[in-house]
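See structure below.
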Amino acid sequence: MKDPIAIDKVLVQLPNEPLREVTIQVWRPFKDPEYPDEWLCPASLEPLHSNLLPARSNSAFQSLCLANARVLNLLHEVVEKGGSVWLEPGASFPFEAYAFGVAVSLPDSYSR
């Protein structure tokens, strides 16, 4: 893969494990060579998740949104399992600041 279009670093601590730096990377969506009507968008969370399957959609924009959502969901799973995610020591990761579009305005009763 070529250079990622977005790179960020967070600190992650899983229960009973040492604090570690995790690099978030999202690449540019590209047309699937086997299925030309579909788009793929790779993402990774090194070293937690380095072999994620690319997000797949019939839209480049949606595949990019799905890749970003997957990254956020995987980071949120760390918190749900009793771990922590920080932008820097003592500064919790602001998940709500990374939500966008309809996800921000959905009513609480909406099931995801």
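Bear in mind these aren't lab numbers, they're just calculated from the coordinates by the rules spelled out. It should be emphasised that the depicted structure is a prediction, and the values quoted were computed from it without experimental measurement. We place every Cβ from the backbone using ideal geometry, glycine too, and count neighbours over all the protein chains shown.
Scanning segment 1-22 for residues that are surrounded by fewer than 13 Cβ atoms within 10 Å (Cβ to Cβ) and polar (S, T, N, Q) returns a single hit, 16.
Only one of the numbered conditions (1) touching an Asp or Glu at 6+ places or on another chain (Cβ under 8 Å); (2) more than 19 Å from residue 82 (Cβ to Cβ); (3) surrounded by 14 or more Cβ atoms within 10 Å (Cβ to Cβ); (4) of a type outside the set (Lys, Arg) is not met by residue 29, and that is (1).
Within segment 74-92, count every residue that is without any contact (Cβ under 8 Å) to a residue 24 or more places away in the chain, more than 16 Å from residue 9 (Cα to Cα) and surrounded by 12 or more Cβ atoms within 10 Å (Cβ to Cβ). The total comes to 2.
Would you confirm, using the coordinates I've provided, whether residue 11 is more than 14 Å from residue 98 (Cβ to Cβ) and either in contact with a Leu (Cβ under 6 Å, 6 or more places away or on another chain) or touching a residue at least 40 places away in the same chain (Cβ under 8 Å) (or both)? Yes: the conditions hold for residue 11.
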